[in-house]
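Asker: This is the structure I have questions about; it appears just below.
The values are calculated or read from the model by the stated rules, or taken from the named source; none is laboratory data. On a predicted model such as this, the values are computed, not experimentally measured, just so you know. Here the Cβ positions follow ideal geometry from the backbone for every residue, glycine too, while neighbour counts run over all protein chains shown.
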């Protein structure tokens, strides 16, 4: 089963479905992982009911950070901002489907940290946003 998930990660890294920028956007935020230099920006469009209608990410980094961003954005389209605020570390791990060590976990959680900081309208992202 891990091999299937590893294939998905590589596929999403090489050919992400949600790479790009939304202009105009309703929500945007970007941050980086200072340990490895991964950088992600996330843009969202939200309708009048507070539902995510479109999402895109840009930036650079390892396969885990980029695939995580792509899979996460696919999962939030159609969700309310309240549902997005409720996402946590386990949701990312479930999307990736493989066990990660502490360093790779930081890579995987960067997109969630950026997404939630944007949704909460924070000036600065915090690791506290991704804890369950």
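Asker: Mind checking which residues of region 45-80 are in a loop (DSSP other than H, G, I, E, B) and either in contact with a strand residue (DSSP E or B) (Cβ under 6 Å, 6 or more places away or on another chain) or within 17 Å of residue 121 (Cβ to Cβ) (or both)?
Answerer: 47, 50, 77, 79
Asker: Restrict the check to region 107-123 and report whether at least one residue is part of a strand (DSSP E or B) and on the phi < 0 side of the Ramachandran plot.
Answerer: No, region 107-123 has no match at all.
Asker: If you don't mind, another one. What about residue 91, is it surrounded by fewer than 18 Cβ atoms within 10 Å (Cβ to Cβ), in contact with a helix residue (DSSP H, G or I) (Cβ under 8 Å, 6 or more places away or on another chain), modelled with pLDDT of 95 or more and assigned to a helix (DSSP H, G or I)?
Answerer: yes
Asker: For residue 129, work out the one condition from (1) within 18 Å of residue 9 (Cα to Cα); (2) modelled with pLDDT under 90; (3) in contact with a helix residue (DSSP H, G or I) (Cβ under 8 Å, 6 or more places away or on another chain) it doesn't fulfil.
Answerer: Residue 129 satisfies all of (1) within 18 Å of residue 9 (Cα to Cα); (2) modelled with pLDDT under 90; (3) in contact with a helix residue (DSSP H, G or I) (Cβ under 8 Å, 6 or more places away or on another chain) except (1).
Asker: Can you name every residue in region 13-41 that is within 15 Å of residue 107 (Cα to Cα) and either touching a residue at least 60 places away in the same chain (Cβ under 8 Å) or not in a loop (DSSP other than H, G, I, E, B) (or both)?
Answerer: 13, 30, 31, 32, 33, 35, 36, 38, 39, 40, 41
Asker: Specify the residue that is nearest to residue 14 (Cα to Cα); the eligible residues are those in region 61-74 that are surrounded by fewer than 21 Cβ atoms within 10 Å (Cβ to Cβ) and modelled with pLDDT under 95.
Answerer: That would be 63.
Asker: Taking region 43-83 on its own, how many of its residues are more than 13 Å from the chain's Cα centre (by Cα) and free of Cβ contacts under 8 Å to residues at least 24 places away in the same chain?
Answerer: 4
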